[in-house]
1. I want to confirm something. Restricting to the range 162-177 and keeping residues that are surrounded by fewer than 21 Cβ atoms within 10 Å (Cβ to Cβ) and in contact (Cβ under 8 Å) with a residue 60 or more places away in the chain, which single residue is nearest to residue 115 (Cα to Cα)?
2. Which ones in the range 187-213 are under 18 Å from residue 71 (Cα atoms) and in contact with an Asp or Glu (Cβ under 9 Å, 6 or more places away or on another chain)?
3. How many residues, within the range 123-152, are open to solvent by 10 Å² or more (accessible area, probe 1.4 Å), more than 13 Å from residue 107 (Cβ to Cβ) and touching a strand residue (DSSP E or B) at 6+ places or on another chain (Cβ under 7 Å)?
4. Quick one: in the range 64-123, of everything that is in a loop (DSSP other than H, G, I, E, B) and touching a Ser or Thr at 6+ places or on another chain (Cβ under 7 Å), which residue is farthest from residue 226 (Cα to Cα)?
Amino acid sequence: MKSFIGSLVYCFSLLLVDLCESYDLNNPSYVLAQSYAQRRNHALPHRTLSPAATDSQCRSRPLDLVFIIDSSRSVRPGEFEKVKIFLADMVDTLDVGPDATRVAVVNYASTVKIEFLLKNHLTKDSIKQAINRIEPLAAGTMTGMAIKKAMDEAFTEKSGARPKSKNISKVAIIVTDGRPQDQVEEVSAAARASGIEIYAVGVDRADMRSLKLMASNPLEDHVFYVETYGVIEKLTSKFRETLCEVKVEIVQDPCMCEARLAFQRQTQTSLQDLNAKLAAVTRKVEQMENMLGRM
């Protein structure tokens, strides 16, 4: 009897080992596919930055991209430098060029200043040099005014935006750490209605309600939050991931789809293997029971 129990324990230990090997968590393709499935199935009210950044190998879709950055009094000089580093890092992740992504920056506080237009700089180095020269404006937080100026002036064909016939997405990324001192709901709705996709990034004391009023739907994909400017650079990978997800959903880019299919195939194969091994263990147990019955 002891021999039988020992054999049974041994068989199930082998099955457990096989199960662990079937789901190798060190396998990058499995982790990528699993994280994609988790993102699709667990919606959050807004995205909070995870300390671990995720890299993506997808190429970003062509964009007319305008950064709208808060440089009001609450943003300290050192913090504003971190915003500029974030913008430069974002530029590095994009496919920049006349026929790819074009970038502009709108700087705001009590007043609004277009630092450069979509047509002004068409290489990464030129854009990053222009970003490095930006100075904070200080004083208030006129976010609504900044959105309106971006819509009326930065996103026009005269300023370098492509015509609608080109089907180039217009994207605005707003970065702020405070509560707007003007109305943002109506002007944001008008901007979205004109075809501008708005992402809202809140830092530290940012008003979450205002971020949601500005951002496009679904909010869980367009509202981001970080606790301090010290970690804002890590949002680069989050935006990279987001832009790739949009590309997958619209044009069925294979980078994410292949990972999901690989995960599905691996899961199906593993389940089939487990069923076969379980059937083998069952047969062995039945053979042992028969042997014990004849003893």
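1. Residues of the range 162-177 surrounded by fewer than 21 Cβ atoms within 10 Å (Cβ to Cβ): 162-169.
Okay, now just the ones that are also in contact (Cβ under 8 Å) with a residue 60 or more places away in the chain, so 162, 168-169.
On the way: 162: 19, 168: 22, 169: 21 Å.
By that ranking, first place goes to 162.
2. Scanning the range 187-213 gives 199, 202, 203, 204, 205, 206, 210.
3. 3
4. Initially, the range 64-123 is screened for residues in a loop (DSSP other than H, G, I, E, B), giving 71-76, 94-95, 97-100, 109-111, 117-123.
Subset that is touching a Ser or Thr at 6+ places or on another chain (Cβ under 7 Å): 72, 94-95, 109, 117-119.
Values: 72: 18, 94: 22, 95: 26, 109: 20, 117: 27, 118: 27, 119: 31 Å.
By that ranking, first place goes to 119.
Here is a yes/no grid of residues against (1) surrounded by 22 or more Cβ atoms within 10 Å (Cβ to Cβ); (2) more than 22 Å from residue 239 (Cα to Cα):
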position	(1), (2)
73	no, yes
76	no, yes
80	no, no
113	no, yes
118	yes, no
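The values are calculated or read from the model by the stated rules, or taken from the named source; none is laboratory data. Computed from a prediction, not measured in an experiment: that's the story for all the values here. Heads up, the Cβs are rebuilt from the backbone with ideal geometry, glycines too, and the neighbour counts pull from every protein chain shown. Just so you know, the surface numbers come from the protein's heavy atoms only, side chains and all, with ligands and any DNA or RNA stripped out. Shrake-Rupley method; radii C 1.70, N 1.55, O 1.52, S 1.80 Å.
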